[in-house]
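Beneath this line is the structure, given in structure tokens, with notes to follow.
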Amino acid sequence: MDASDLQRRLNEFQVIANEVLTDVKDITPPQVKHWIVSPFLVALGWDPHDKKQVYLDFPTKFDGGHADFALLDPSGRPRMILEVYGGKTPIRQAAEDAGKKARGINAPLALLTNGAEFSLWYIAEKEAPTPLFMLLLKDLAENADALAGLSAEYRLSETGIEQLRRSAIRMAVLQMLEDNSEKTFDAMVAWVKSQVAPGALDDATEIAIRDATMVWLTEEHLNMPIFANQSGPHRPHELRPTNARDWEPFPKGPAGTFQYKYDTSKTLDARQSPKEVKQALRMQGMRTHTATAFGGFYYALRQRAGLPMNAN
């Protein structure tokens, strides 16, 4: 499943989940399980009815309890627990208990959700749980490329988990670098590493930090005066964040053309290549929230316009 297919699936899931949350006030954990979590797993390619993939009420060693769901690898090992809460539960506060449940069965991931928020944590053997993603329902599809490691295609293998961690670290590093002063590449890497929690540095984090720093430097390079519109902003933190929901089809325009709903003088042509659309955004003083979110932004516009997912 490539990022564009996953993004399409997550968009379809988002429509279903939004309808549930709109229609059902004070949603309960059982309702979240059946009406939101199960469709979410289907969007990721998992079969909630196959107990060799998805195990309900998986017994754990923590307080003699159980995890609401456990996702299994092909050999039957639990690789991620999924804990479900009611609509008003602050799920971020439940990470410690979820981490104990996951650690008790040697599962390296824990996903917590109340239907509106999705919080994914990496569970190291001796460290406190590390947050990978804390995404709202409305932001899942735009981060499809970063969530690919959760898809059934990987069955939460070491490769899939490493991909998830790298994606999460790249997103965090890009955010950190937005406000960072100019430094050499090695100085930037050293600075970001100093911000990472003790014990969290390994080969995956090292590679992800360097990848993200290089992405940021490339983005910064494109904003130097010699390359950028002289009248426009030149540094990433000066650009206004945007997402696909901010753009509406251009009235009477060809399919694929959009205008910014808050300033109709700003336009995009999603028929163009990703590089051209990204440059058009920057020329108009805008960017996606992170560099890794641009793919979801671009394909969301193309999907709404009925354009093929692979640009020419």
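A short reminder: the numbers here are calculations on the coordinates, not readings from a lab. Keep in mind the model is a prediction, meaning the values are calculated, not measured.
Quick notes on this structure:
- Directionally averaged shadow of the stretch 3-156, computed from the convex hull of its alpha-carbon atoms, nm²: 8.2
- Summary value for the stretch 3-156: 23 percent relative contact order, contacts being C-alpha pairs under 8 angstrom separated by 6+ residues.
- Restraint check, 61/88; 25/261; 33/61; 138/261; 25/138; 101/126, Cα-Cα greater than 24 Å: 61/88; 25/261
- Scaling against 2.2 N^0.38 Å puts the C-alpha radius of gyration of the stretch 236-304 at 0.99.
- Residue-wise HN-Hα coupling along the stretch 121-134, computed from phi with Karplus coefficients 6.51, -1.76, 1.60 (Hz; x: Gly, Pro): 10, 8, 10, 7, 5, 10, 9, 5, x, 10, x, 9, 9, 10
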